[in-house]
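Encoded as structure tokens, the structure appears first; notes follow it.
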Amino acid sequence: MKKILLVCGSGLYTSRALSQRVSKALDDRGLRGTYEITLGKAADAGEESGDFDLCITTTTLDGECACPVVNGASFLLGRDIRQTMDRIVEILMGDGENLQDTEESPEKNAQYSQNDSDE
Amino acid sequence: MEEDIRPELFAVGMKADCAQEALDCLAELLYRQGLVRESFAEAVKARERRYSTGLAFPEMGIAIPHADAEHVIRPGLAVGILKEPVEFRHMGMPEVSVEAGLIFMLAIRDEEEQPEYLANLLDVFQTEGNLTKLASCRSAEEAAGCLKRLLQTTGQCDKGGGEE
């Protein structure tokens, strides 16, 4: 199970509003059931990051992060999501699995589906 | 949602020289409606300095300022439609300037009790044409009605239904 920390300034609004979008994008890439998302605030991200595989943030982080960090602005703006997702998938699948660049639609990405537990 | 999005929380044709002034004006609306504590205005400005909330959508720049839950009494939303845009900094990219023509000030108490319409706002923003539609409203009544309709349409899309 890959652990994702999703943070915004206060951990109240933006991270929560984005959580569903990030989940949907991960599921569209066939990663359903392989990850869990925890919401948090930017100020705590550095401290908590040691427990996570990836931190997606909508804001600048205060301290050093122990895990890779991806800017989640594209989910807010609804733009360039593919590039952001490429990076996220690359990090999550980092050790071993070799995911090809996914040019096309989510339907096409469904072929990568490998773990379809319903939740 | 009906009672949450009401004309009293809209400032249409708002004149502000800078973001701070616009933030004060909207915080005052929330305060007058009893949604936030007196400390909210300062808190929201301080937070904006630290974590900027400008968002550069292709059709228009906006900002979604908010503050920590302790300054909020009840969840809600105040909307400013500015006569001339004011400068905010982009969320997550403070080096990027955003000319915001619309400001959505969020009063959020707790993630558990966050109303659905606040979460749906992002869908409204991301659908092209919506921000322009809202910005062209001439009165608080019209703007409140417009945002309600946009939120309803968005909600219906999510459920796969819709009118017509």
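Name the residue farthest towards the positive end of the dipole of segment B:1-158 from the options B:143, B:75, B:153, assuming +1 on Cβ of Lys and Arg, -1 on Cβ of Asp and Glu, about the Cα centre. Farthest along the dipole direction, towards plus: B:143. Per residue of A:12-20, other chain Cβ atoms within 10 Å of the residue Cβ number 6 on average.
Using a cutoff of 8 angstrom between alpha carbon atoms and counting only pairs six or more residues apart, the relative contact order for segment A:2-101 works out to 29 percent.
Spin-label model, residue B:50 to residue B:3: label points 7 Å out along the Cα-to-beta-carbon direction sit 3.4 nm apart. Panel order for B:90, B:71, B:66, by other beta carbons found within 10 Å of each beta carbon, from fewest to most: B:90, B:71, B:66. Residue exposure proxy: B:42, B:84, ordered by other Cβ atoms within 10 angstrom of their Cβ from fewest to most, comes out as B:84, B:42.
When the P(r) is computed for segment A:5-49, the part past 18 Å accounts for 32% of the Cα-Cα pairs.
Here's the picture: charge each Lys and Arg Cβ at +1 and each Asp and Glu Cβ at -1 in the protein assembly as shown, and of B:101, A:17, A:31 the one pushed furthest to the positive end of that dipole is B:101. Under a model in which nothing but the beta-carbon of Lys, Arg (+1) and Asp, Glu (-1) is charged, the protein assembly as shown shows a dipole of about 680 debye around its Cα centre. Relative to the Cα centre, the charge distribution of chain B, modelled as +1 at Lys and Arg Cβ and -1 at Asp and Glu Cβ, gives a dipole magnitude of about 300 debye. Ordered by the count of other Cβ atoms within 10 Å of each Cβ, fewest first, B:139, A:74 give B:139, A:74. Once both labels are positioned 7 Å from their Cα atoms along Cα-to-Cβ, the gap between residue B:39 and residue B:97 label points is 3.4 nm. The fraction of Cα-Cα pairs per 10 angstrom bin, counted from 0 for segment B:7-157, comes to 12, 44, 39, 5 percent, rounded to whole percents.
The numbers here are math on the coordinates, done by the rules we state, and not lab data. Please read all numbers here as calculations on a predicted model, not as lab measurements. FYI the Cβ positions are ideal-geometry reconstructions off the backbone, even for glycines, and counts take in every protein chain you see.
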